[in-house]
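Data first, discussion second: the structure below is written as structure tokens.
The values are calculated or read from the model by the stated rules, or taken from the named source; none is laboratory data. Note that this is a predicted model, so its numbers are computed, not measured. Reconstructed Cβ throughout: ideal geometry from the backbone, glycine too, with neighbour counts over all protein chains shown.
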Amino acid sequence: MTTVGVLAIQGDFAEHRKTLERLGVHVREIRMPHQLDDIEGLIIPGGESTTIVQLIDIYEMRERLRERILRDRMPTWGTCAGMIVMAGYLSDHRPQPLRLMDTRVSRNAFGRQVDSFETELEVSGMDGPPYCAVFIRAPVFESVGESVEVLASLDDGRPVAVRQGHMLATSFHPELTDDDRMHRLFVDMVERRA
Ligand code: GLN
């Protein structure tokens, strides 16, 4: 059985856990660096990226995360705050991202008035009807490198779901809907690798 870790130090890790369990995946909540050793994939959830990064550093997880994800190429998916944590660069001076992906990310990119909304997306590699994506004080990709594939964009062209090899990042929150297609896409990445 595939074991996927969910970083469980802040944010909506419980919702990711529920969705993964619905798909028959064994889930481990990750709170300590050594717990990263025997999982086959990792989700970094939505929440507050400044808090998540601060706790990653307090629990001394930054190095081990970078080793497992960059050196071991463990499939990893960041949703919303998680996508900020995984970014290469932020347009904000806070927090200090893990610099895992070749992405430049802007936090709270939709301002206060429209800080939460839903929209339908065409996601490359996903079968069926358009995917209803939930955005909550969401970040966007300002730019992505050549090795980063854009899987979905808003009508204005800004990317909101990208994949760079074994890494996936989305501005929106698939764990807050009943549609589990994004999670299936990620579990498929984990199983292919395992
Ligand atoms: N705005 C939050 C941040 O900067 C992310 C919001 C979310 O994860 N829903 O971390």
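Some values worked out for this structure:
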read-out	value
So GLY78, is it assigned to a loop (DSSP other than H, G, I, E, B), of a type in the set (Gly, Ala, Ser) and closer than 27 Å to GLY145 by Cβ	no
Failed criterion for VAL85 (all others in (1) away from the ligand (no atom under 16 Å from the Cβ); (2) at negative phi hold)	(1)
Pairs with Cβ under 8 Å, 6+ apart, first in region 1-25 and farther than 17 Å from VAL190 by Cα, second of a type in the set (Phe, Trp, Tyr)	ILE9/TYR59
Index of the failed condition, GLU29 passing every other in (1) crowded, with 20+ Cβ neighbours inside 10 Å; (2) assigned to a strand (DSSP E or B)	(1)
Selection from region 126-153 of residues that are within 16 Å of the ligand (Cβ to nearest atom) and not in a strand (DSSP E or B)	ARG137, ALA138, PRO139
One residue from ARG104, ARG99 being closer than 30 Å to GLU63 by Cβ and touching a Phe, Trp or Tyr at 6+ places or on another chain (Cβ under 6 Å)	ARG104
Residue selected from region 34-60 under the condition in contact (Cβ under 8 Å) with a residue 40 or more places away in the chain and not β-branched (Val, Ile, Thr), by the criterion nearest to GLY165 (Cα to Cα)	GLY41
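Each row is one residue, and each column tells you yes or no for (1) buried (at least 19 other Cβ atoms within 10 Å of the Cβ); (2) of a type in the set (S, T, N, Q); (3) at pLDDT 95 or above.
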| site | (1), (2), (3) |
| --- | --- |
| SER153 | no, yes, yes |
| ASP156 | no, no, no |
| GLY165 | no, no, yes |
| SER171 | yes, yes, yes |
| ASP180 | no, no, yes |
| ALA194 | no, no, no |
